[in-house]
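The values are calculated or read from the model by the stated rules, or taken from the named source; none is laboratory data. Only a predicted model underlies this, so the values are computations on that prediction, with no experimental measurement involved. Don't worry about glycine lacking a Cβ; one is built from the backbone with ideal geometry, like all the others, and counts go over all protein chains shown.
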Ligand SMILES: Nc1ncnc2c1ncn2[C@@H]1O[C@H](COP(=O)(O)OP(=O)(O)O)[C@@H](O)[C@H]1O
Ligand SMILES: [Mg+2]
């Protein structure tokens, strides 16, 4: 069954990412979808810290992928917002990332949902009218 939770502040969103990290294993893929500014990147900050990395997490919108080391596993952080097509993703070696002993985070995965492997964790972010962030978790 789907789970959902809320984060009323940026700090609560980071804390939610930290606690989510505890359920991850090498090879897991986490998709983060939903409104711009809903807190996806802040959730990733908490998640990366929760895996034990001290590296700074910033939005990979321009870089397409960022890598964070120093935690339980390397984290590969994608943002597909500016990606033109799935072929571009294959071109940067998406399949090789899937074979890595690491954790993959994908913001804006809804642009190319067919590229996600089975069992991807899907987090849907929504901004409620009062500004609180609502997140629903499902597994593909
Ligand atoms: N409850 C909240 N959770 C997360 N971010 C929040 C919250 N309330 C306000 N914010 C602000 O919203 C923005 C979220 O940015 P970001 O994490 O980059 O979102 P996204 O990656 O979804 O576009 C930040 O400026 C943050 O300070
Ligand atoms: Mg973002």
Legend entry - Total residues in the range 2-36, condition modelled with pLDDT under 95 and either touching a strand residue (DSSP E or B) at 6+ places or on another chain (Cβ under 6 Å) or farther than 18 Å from residue 129 by Cα (or both): 3
Inset, instruction - Output the strands (runs of 3 or more DSSP E) that fall wholly within the range 1-76 and possess 3 or more residues being within 16 Å of ligand 2 (Cβ to nearest atom), or say none. - result: 29-34, 65-68
Inset, instruction - Output the number of the condition that residue 9 fails; it satisfies all remaining conditions of (1) touching a residue at least 12 places away in the same chain (Cβ under 8 Å); (2) within 8 Å of ligand 1 (Cβ to nearest atom); (3) more than 14 Å from residue 104 (Cα to Cα). - result: (1)
Inset, instruction - Specify the residue that is nearest to ligand 1 (Cβ to nearest atom); the eligible residues are those in the range 81-92 that are surrounded by 13 or more Cβ atoms within 10 Å (Cβ to Cβ) and farther than 21 Å from residue 38 by Cβ. - result: 89
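Limited to the range 109-121, what total is found for residues that are within 16 Å of ligand 2 (Cβ to nearest atom) and in contact with a strand residue (DSSP E or B) (Cβ under 6 Å, 6 or more places away or on another chain)?
Of the range 109-121, the ones within 16 Å of ligand 2 (Cβ to nearest atom) are 109-111.
From what is left, the residues that are in contact with a strand residue (DSSP E or B) (Cβ under 6 Å, 6 or more places away or on another chain) are 109-110.
Number of matching residues: 2.
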Inset, instruction - Determine whether residue 71 is at positive phi and over 14 Å from the mean Cα position of the chain (by Cα). - result: no
Inset, instruction - Filter the range 93-109 down to the residues that are closer than 11 Å to residue 28 by Cβ and in contact with a helix residue (DSSP H, G or I) (Cβ under 9 Å, 6 or more places away or on another chain), then identify the one that is surrounded by the most Cβ atoms within 10 Å (Cβ to Cβ). - result: 105
Inset, instruction - Could you check how many residues of the range 12-48 are in contact (Cβ under 8 Å) with a residue 60 or more places away in the chain and within 10 Å of the chain's Cα centre (by Cα)? - result: 9
Inset, instruction - Look at the range 118-139 and say how many of its residues are exposed (fewer than 12 other Cβ atoms within 10 Å of the Cβ) and in contact with a helix residue (DSSP H, G or I) (Cβ under 7 Å, 6 or more places away or on another chain). - result: 0
